[in-house]
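Report on the following structure.
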Amino acid sequence: MDSRVCLCFFACLTFVNSASALSPIWFSFPDETVDIQDSYLIQEKGKNDVKAAMNSFEQYLESGCPSVGREKVMENLEETLMKVDLSENLTTVHPDVQTLIFMINPTEFKGMTIRSEDLLEYNDSRTRQSRHSMYFPEALMEKAQSRSAKEMRLICIYLKASCLFQDRKNSSLLNDDILGATLGNMSIANLTQPVEIRFWYNHKLVNSSLTCVFWVEGTGQDNLGEWRREGCETSISHEGVVLCKCSHLTYFAVLLQLSSDPLDEKLLTPLTYLSNIGCGVSASACLITILLYIFSRKIYHDSTTKIHINLLGALFLLNMSFLISQLLVKFPWPCSTIAAFLHYSLLCSLTWMAMEGFHLYLLVIKVYNAYISRYLLKLGAVGWGFPGFIILISFLSKKGIYGPYTIITSSLYKNSSMCWITSSTLHYSTLAYVGGTIFFNMAVLIIVVQKLRQLRAHPFHQHKEHTCKDLGTVLVVTCLLGATWILAFMSFGVFLVPQIFLFTIFNTLQGAIICLWYCLLRCHSPSRLSSGFSRSSQ
């Protein structure tokens with residue numbers, strides 16, 4: 001009996017001790033248990049809110065992406081991603097849109113890479129995804145740290161819906177892929193380290209150029225935006241990867257543009273050497289001629305010579321700006337500036353060629369009654385002022401018309417770049433300006449040649465010496481009038497390769513030929529510089 005009582009007492013004591021040992025565990029973490037449950041509920045509610053916004057977005061795309069409500073559906077998705085309550089990172093994948101929200105501590109951020117492969121675990125059979133990646137450098141948090149924020153929200157959006165970003169040109173995008181990124185409510189620009197965006201493609205691109213661009217919302221009545229390239233650098237590799245290095249955050253894509261027949265990559269190196277050597281020689285010759293003119297006696301400074309010197313000055317600026325433009329491709333603002341100056345120098349050169357034609361017309365055709373008051377002053381105002389007016393109008397009419405210009409070769413990864421016009425409209429307008437100038441000058445040249453033939457038709461002038469001089473005169477006048485620029489309109493078919501080489505050689509040495517002619521005339525008979533061509537209006 002005593003043993004049963006003792007056994008029962010021992011069992012009761014063991015139960016009480018066990019209960020007392022467990023009770024501290026149950027009551028020691030009541031707050032954290034509640035926090036974990038609340039955090040789970042917050043995350044689930046956030047997921048549902050994002051899914052609802054993305055479902056609405058997908059329905060809009062499935063309805064044909066109508067223009068009505070386009071801005072509203074984008075704003076709804078962006079605001080939801082920005083304001084939704086979350087306790088941790090969130091990734092949501094739909095067939096045409098994928099969103100990633102990252103909670104980042106600015107003081108601990110050391111850079112981050114997001115790859116499309118990381119989303120495979122979230123993908124379903126409906127997802128239409130191309131390979132891509134985004135790298136965010138440590139410099140991304142430089143502005144965020146100034147706000148002393150403990151946590152920032154980095155939002156990434158992948159879209160396969162180019163209909164939402166249609167510009168006035170109906171531009172085509174590589175794979176229809178668009179990648180966007182924002183950091184909180186901050187405007188991120190002028191980063192010291194670029195954001196790197198990679199787009200993969202697995203199909204051959206024929207006669208197409210690839211350019212990294214970013215989206216800018218429209219301000220016109222039609223509310224259409226546009227794709228721009230300022231602040232983005234484009235690199236194309238062997239493996240079919242387009243690397244975009246951009247100094248800001250927004251929506252990015254790769255612009256796919258059809259181009260003319262690409263240049264054979266084997267010709268790129270010799271053409272580059274020819275251009276650089278020719279421009280260097282021509283610029284040096286122009287500078288030497290200008291210096292000779294400045295330090296020569298004023299008796300030789302007639303109107304004809306002064307017009308020649310102005311043309312040489314424009315050609316000097318043209319050659320120098322061309323050489324410099326190749327060195328500033330990687331610097332956005334300097335590249336845009338030198339591209340505008342290169343365009344200005346080209347227009348000045350063409351205008352002074354037209355002035356040469358006009359002056360020659362007065363000398364040969366309108367020999368008498370050709371007096372024009374302040375003749376040189378008026379020519380100077382047109383020769384230097386009119387091109388400047390065109391550049392000013394171009395700048396005011398549209399932004400981003402100057403910048404890096406890619407010369408496409410048969411191998412996309414062996415392209416060449418320079419700072420030049422990026423607007424097709426301005427490009428064709430410049431070609432029209434070239435065509436108008438050359439047409440006028442060729443008409444004058446034909447009349448001059450006919451006059452020379454009439455003069456040499458007289459028996460007194462039929463000498464071999466005069467014939468050689470006439471040929472030399474016509475050759476130099478052809479350079480003065482820019483007849484070699486006709487080759488710019490012959491770049492097609494079997495003429496393509498010869499035209500490129502001839503155009504490069506003749507036009508890069510234009511200044512050198514004029515310089516040589518000037519020096520020969522000066523050495524042979526200095527007085528002819530003033531007497532032989534001084535019949536123009538003073």
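The values are calculated or read from the model by the stated rules, or taken from the named source; none is laboratory data. These figures come from a predicted structure and were not determined experimentally. Backbone-built Cβ (ideal geometry, glycine too); neighbour counts: all protein chains shown.
From the set of residues in the stretch 158-199 that are among the charged types (D, E, K, R) and out of contact with any Gly (no Cβ under 8 Å at 6 or more places or on another chain), which is surrounded by the most Cβ atoms within 10 Å (Cβ to Cβ)?
That would be ASP177.
All but one of (1) in a helix (DSSP H, G or I); (2) at pLDDT below 85; (3) not charged (D, E, K, R) hold for THR437; state the number of the condition that does not hold.
Among (1) in a helix (DSSP H, G or I); (2) at pLDDT below 85; (3) not charged (D, E, K, R), THR437 violates only (2).
Tell me, which residue of the stretch 153-176 that is of a type in the set (A, V, I, L, M) and within 23 Å of the chain's Cα centre (by Cα) is nearest to VAL50 (Cα to Cα)?
Out of the qualifying residues, it is LEU164.
Yes or no, residue by residue, for (1) part of a helix (DSSP H, G or I); (2) charged (D, E, K, R); (3) surrounded by 21 or more Cβ atoms within 10 Å (Cβ to Cβ):
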| site | (1), (2), (3) |
| --- | --- |
| SER284 | yes, no, no |
| VAL329 | no, no, yes |
| TRP333 | yes, no, no |
| LEU360 | yes, no, yes |
| LEU363 | yes, no, no |
| ILE372 | no, no, no |
| GLY380 | yes, no, no |
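Among residues belonging to the stretch 265-282 that are of a type in the set (A, V, I, L, M, F, W, C) and closer than 14 Å to CYS515 by Cα, point out the one that is surrounded by the most Cβ atoms within 10 Å (Cβ to Cβ).
Looking at the filtered set, the residue picked out is CYS279.
Within the stretch 67-108, which residues are farther than 25 Å from CYS163 by Cβ, surrounded by 13 or more Cβ atoms within 10 Å (Cβ to Cβ) and in contact (Cβ under 8 Å) with a residue 40 or more places away in the chain?
Passing the criteria: LEU86, SER87, LEU90, PHE102, MET103, ILE104, PRO106.
Residues in the stretch 252-266: is at least one in a loop (DSSP other than H, G, I, E, B) and modelled with pLDDT of 85 or more?
No, the stretch 252-266 contains no residue that is in a loop (DSSP other than H, G, I, E, B) and modelled with pLDDT of 85 or more.
Given the conditions (1) modelled with pLDDT under 90; (2) over 26 Å from GLU233 (Cβ atoms); (3) part of a helix (DSSP H, G or I), and given that GLY313 satisfies all but one, which numbered condition is not satisfied?
Unmet condition: (1).
Kindly check whether there is at least one residue in the stretch 522-536 that is farther than 27 Å from ASP302 by Cβ, crowded, with 17+ Cβ neighbours inside 10 Å and either of a type in the set (Phe, Trp, Tyr) or modelled with pLDDT of 60 or more (or both).
no
Answer yes or no as to whether GLU71 is within 31 Å of the chain's Cα centre (by Cα), modelled with pLDDT of 85 or more and either more than 20 Å from THR250 (Cα to Cα) or not β-branched (Val, Ile, Thr) (or both).
no
Matching residues to (1) at positive phi; (2) within 13 Å of the chain's Cα centre (by Cα); (3) among the hydrophobic types (A, V, I, L, M, F, W, C); (4) modelled with pLDDT of 90 or more:
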| residue | (1), (2), (3), (4) |
| --- | --- |
| HIS203 | no, no, no, no |
| CYS212 | no, yes, yes, yes |
| GLU217 | no, no, no, no |
| ASP222 | no, no, no, no |
| ILE236 | no, no, yes, no |
